[in-house]
Ligand code: PFF
Ligand code: NA
C-alpha cells in the first residue's frame, strides 16, 4: 500500500478546510438568508447555532476522518456495519445536488467580473442587470465554464493548488470586505441598516422561531461544509498530535467572520438605495455590490477583483464537494478518477441547467439538499459517533489536548442528546417547510 500523504503543515490542513468552508455560503447565501428571515433575529440565532451545533458537529466529522484515515464512505465501512455504511449515500446525493446549482451561482460571479472590467455596473439599474445575468443562455454558458474548471482540477488531482489559492484568497476577501464595509458605513441610512442587521427584537424571535431556527441551522451546516463528509476527508490527512477542537474553532471563527462582514457591506448599501432586503432573495448581494461599485472611484476594477476573489472562493469550495462524490465513485464503483470526474461533472451540469434558466430551481435544489440532506447527514453521523462508537470518539477527540480532563466526555454527551434531539426537530421542520 502506498504511504498515505499527510498535511505538510498544520496551516495546510486549516487552509484547505477554510477553503472549503469559505465560499458562496458566506458572501451570497448568508446575507439573503438574513434578509428573508427578518434581520438581526436570524443573525443572533445563527451565531448561537454555529457554536452549539456547528462546532460540535465539525468535531464529529474530524474524529471519524482522523481515526480512519479514509474518505467518508470508506471511513463508515471501517467503523460501522449494516445500515450505518449507507450514510455515505446521503453525503453523495447532497453533494451532487449542491454542486449542480452552486456552479450556476459561481457563474454569476464570473459574469460580474466581466461587467466590472467593462465598466458596466449601474446603481439604479442593478436589479434589472441581475435579472439579465442570472437566467438565460449566458448563465448556462458561465455555469458550464465554472463546472469545466472544477472538473479539470479534480480530474487532474492537483488539489495542491488549494493551499496556495486559500493563502491568497482569504486575506484578499477579508481586506476588500473590510474596505467595502467602511465605505458602507459612510452611507446615508447606515444606522437603520445596522439596527436591522445587528439588534434583534425579542418579539421577532419568539414569534418566528419555527422558521428562523431551521433556516439558521441549514445555513450553519452549509457554510461550515458540514453534513456531507468534506471535513471527514480533510481530517483524514491530519496527524495525531493535532488538537481537533482548536482547529475546529479557527475554521468556524474565520468562516463566521467573513459571513458577518458580508452583511455589514450589503445592508447599508441596500438601505441607502431604498431596496427592501427581505424581497431580494438570491439577488441581494449582486444587486447591492454592483450598486456600490458603480458609485466608487475605480469601482469597476475593484468589483472585478472582489467578484474574482469570490469566484476563487467558490472554486475551492466546489472542489471539496466534487471530491466527496468522486471518491465515492472511485472506491465504490471502481471507476477511474478521470472518467468519474468527467461523468459526474457533466451530469451535475445538466441537473444545474434548469437553475440557470429559472431562479425557482435554485430554491428548490437548495431547499432539498441544503436544508434537508446536509442536516440529515449530520444527524445520522452524530448518532453514529455518539452512540455506536463512543469510546473511540472520546479517545480520538482527546488526542493532542494537554489537560483534557472530562472535556471529551462532555462533548460526547452534548452530541448524544442535545445536538441529536435538536437536529431531529430541525430536520423535521425543514422537511415540513419544503
Ligand atoms: N461551505 C461552502 C460555502 O459556504 O460556500 C459550501 C459547501 C462546501 C457546502 C462543501 C457543503 C460542502 F460540503
Ligand atoms: Na462558508
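Read-outs: derived from the displayed coordinates by stated rules, not from any lab. For clarity, every value in this text was computed on a predicted model and none was experimentally measured. As a convention, Cβ positions derive from the backbone with ideal geometry for all residues, glycine included, and neighbour counts pool all protein chains shown.
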Q. Using the Kirkwood formula over every pair of different C-alpha atoms, what hydrodynamic radius in Å results for the stretch 242-289?
A. 12.3
(Q) With equal scatterers on the alpha carbons only and no solvent term, can you work out the Debye log10 of I(q)/I(0) for the stretch 198-237 at 0.18, 0.22, 0.27 1/Å? (A) -0.61, -0.73, -0.89
Q) Taking a temperature of 20 °C and a viscosity of 1.002 mPa s, what whole-number D in µm²/s does Stokes-Einstein yield for the stretch 194-327 with Rh from Kirkwood over alpha carbon pairs? A) 121
Q. Using only Cα atoms, what is the ratio of the radius of gyration of the chain to 2.2 N^0.38 Å?
A. 0.94
Q) Can you list the residues of the stretch 388-410 with backbone N under 20 Å from a point 7 Å past the Cα of residue 424, pointing along Cα to Cβ? A) 388-390
Q: Mind telling me which of 58, 176, 232 comes out most flexible in a GNM of the chain, alpha-carbon contacts under 10 Å?
A: 176
Q. Using the 10 angstrom Cβ neighbour count as an exposure proxy, how do 338, 325, 90 rank, fewest first?
A. 338, 90, 325
Q) So how far, in whole Å, is the C-alpha centre of the stretch 158-229 from the one of the stretch 343-394? A) 20
Q: Could I have the simple spin-label model distance between residue 364 and residue 128, label points 7 Å from Cα toward Cβ, reported in nm to one decimal?
A: 2.9
Q | residue 413 paired with residue 333, simple spin-label distance in nm, labels 7 Å along Cα-to-beta-carbon | A | 4.6
Q) For the stretch 363-411, what does the alpha-carbon gyration tensor say about shape, rounded, prolate or oblate, given a ≥ b ≥ c as the root eigenvalues, a/c under 1.5 as rounded, and a/b over b/c as prolate? A) prolate
(Q) I need the P(r) histogram for the stretch 165-260: all alpha carbon pairs, bin width 5 Å from 0 out to the longest distance, whole percents. (A) 2, 9, 13, 17, 17, 16, 13, 7, 4, 1, 0
Q | 222 nm mean residue ellipticity, helices alone, for the chain (DSSP H n ≥ 4; -39,500 (n - 2.57); rounded to 500) | A | -24500 deg cm²/dmol
